[in-house]
Structures are given as C-alpha cells and as structure tokens.
Amino acid sequence: MEPAYHSRLQRAPDFTGQMLSTFKDVAVRHGFPGFFLAFLLILLGFFVTEFGRILLLSLAKFAENPLGYAILAVLLFLGLIAYTLIRRRNLDARQLVWTLYLGALSFWEELIFRVALPYYLGASSLDLLTAVILSNLAFGLIHFFTLRWRWQWCLGAFLGGLALSRQMDVHFDLLLITAFHWIGTFVNTPTPPGRQKHASNSK
C-alpha cells in the first residue's frame, strides 16, 4: 500500500482541488524551483565577491578532505536505506531516487536559508539574529505555500531551521548541516508520496 503522505503533512486541497499526491508534484512545486534558485546563487557567488568568500568558507572543510566527506555521504545514504528496509522490508528504485532527492533538497535548502539569505539580509544592515529569524521564517513559509504543509509542520520547520542555523554558527560546515537536514527530512518523510489521487475532501 502506498503511504498516505499527504494526510499527515498537507492541508486540505485548495480551490483547484489539487493535492500533492505524487513524487512529480512535490518535485515540480518545491524541488526544481529550489534547485534552480540554488544554482543561480552559486553563480552569483562568482560575481558578489563577499558572498562567494562566505560560500567557499562554508565548504572549506570539504575542500580539505573530499574523500572523507564522500565516504561519509555514502555511509549516510546506506544507513537511510537500511532504515527503509527495517521499517518497510522492501526497496525499489523509486525509494532510492526519493532518498537521493531528499539529500539534494537538503543541500539547496541549507545553501539558501542558512548561508545565502542570512548573508544578504545581514548585508542590508539587519543584525545577525534578525537575519537568521527572517530566513527561517521564510523557510517555514515556503513549505506552507509550495507543499501546502499544515501550519504545525511549518512551525516545526521554522524551529528546526533555527536549530540548524545554530549548528551552522558553531561548525560553519554546509555539508555537515546538510547531513543533519537530510536525516531529519528523511525521518519526517521516509517514503515518496503515493501515485493515487485523493478526493477533494481529504483531511
């Protein structure tokens, strides 16, 4: 049976009667726009010297030991797959792609909301605490609008984002924080949304 992905996270359908009930729905509404924005921000780092310096600094530990990070990434991926096997006792290509997708998603969300947005808000004369709060507020709200999450889960995303911002302040390691995010996102949504469409009166 396909997981009732939408019933736990999503609000009732809007006036269009649409639910995000497939992997494609989630990717088109939330994943691909974010990947594109993250790509533009990385390009922008080549032109905005100070932001580029901050971005490189957040990847400095990876640059010192890329093989070690690659090994840890593979081990983390295998650990998430093992979690899936323990919980569901089956595995298919769709599940593998979903797990990798969540890893990529975690990277672009951390790049945008824990590095780029706080930097640009701070550059506009806001103090660091205000910049971090506003960035994580945007992090929660994007889930409300793109994924139609219930407000409780958006609040959880906001609070989780604050915790990740704290870890970024302590470690300033983009890939380490991405790993934390990947684990949290996977545990929250370990399986892709089902293929079936749900009735417009779904709760």
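The values are calculated or read from the model by the stated rules, or taken from the named source; none is laboratory data. Predicted, not measured: the structure shown is a model, and the values here were computed from it. Neighbour counts are summed over all protein chains in view; Cβ atoms, including those assigned to glycine, are modelled from backbone coordinates with ideal geometry. The accessibility values were calculated without ligands, DNA or RNA, using every heavy atom of the protein model including side chains. Shrake-Rupley method; radii C 1.70, N 1.55, O 1.52, S 1.80 Å.
Being outside any helix (DSSP H, G or I) and either at negative phi or modelled with pLDDT of 95 or more (or both) is the requirement here; does residue 198 meet it? For residue 198, the condition - outside any helix (DSSP H, G or I) and either at negative phi or modelled with pLDDT of 95 or more (or both) - is met.
All of (1) touching a Lys or Arg at 6+ places or on another chain (Cβ under 9 Å); (2) of a type outside the set (A, V, I, L, M, F, W, C); (3) open to solvent by less than 50 Å² (accessible area, probe 1.4 Å) hold for residue 69 with one exception: (3).
Take residue 169 and decide whether it is within 26 Å of residue 52 (Cα to Cα), open to solvent by 80 Å² or more (accessible area, probe 1.4 Å) and acidic (Asp, Glu). Quick ask: steps written out before the conclusion?
Working: within 26 Å of residue 52 (Cα to Cα): yes; open to solvent by 80 Å² or more (accessible area, probe 1.4 Å): yes; acidic (Asp, Glu): yes.
Against the criterion (within 26 Å of residue 52 (Cα to Cα), open to solvent by 80 Å² or more (accessible area, probe 1.4 Å) and acidic (Asp, Glu)), residue 169 qualifies.
Within the range 110-117, is even one residue more than 12 Å from the chain's Cα centre (by Cα) and closer than 30 Å to residue 84 by Cβ? Among the residues of the range 110-117, at least one is more than 12 Å from the chain's Cα centre (by Cα) and closer than 30 Å to residue 84 by Cβ, which makes the answer yes.
Quick check on the range 72-83: of everything there that is touching a residue at least 24 places away in the same chain (Cβ under 8 Å) and within 12 Å of residue 183 (Cα to Cα), which residue is most open to solvent (accessible area, probe 1.4 Å)?
By that ranking, first place goes to 83.
Of all residues in the range 170-188, count the ones that are in a helix (DSSP H, G or I) and either modelled with pLDDT under 95 or among the hydrophobic types (A, V, I, L, M, F, W, C) (or both).
Of all residues in the range 170-188, those in a helix (DSSP H, G or I) come to 170-171, 174-188.
In the following step, the residues that additionally are either modelled with pLDDT under 95 or among the hydrophobic types (A, V, I, L, M, F, W, C) (or both) were identified as 170, 174-177, 179-180, 182-183, 186-188.
Qualifying residue count for the region: 12.
For the range 94-119, give me the residue count where each residue is more than 22 Å from residue 62 (Cα to Cα) and either in contact with a Lys or Arg (Cβ under 6 Å, 6 or more places away or on another chain) or open to solvent by 70 Å² or more (accessible area, probe 1.4 Å) (or both). Break it down into steps so the answer makes sense when it comes.
First, pick out the residues of the range 94-119 that are more than 22 Å from residue 62 (Cα to Cα): 94-98.
Next, only the ones that are either in contact with a Lys or Arg (Cβ under 6 Å, 6 or more places away or on another chain) or open to solvent by 70 Å² or more (accessible area, probe 1.4 Å) (or both) stay: 97.
Number satisfying all stated conditions: 1.
Evaluating residue 149 against the criteria (1) at pLDDT 95 or above; (2) open to solvent by less than 70 Å² (accessible area, probe 1.4 Å); (3) within 20 Å of residue 25 (Cα to Cα) leaves one unmet condition, (1). One residue stands out among those in the range 120-146 that are of a type in the set (Val, Ile, Thr) and open to solvent by less than 40 Å² (accessible area, probe 1.4 Å): the one that is nearest to the chain's Cα centre (by Cα), which is 146.
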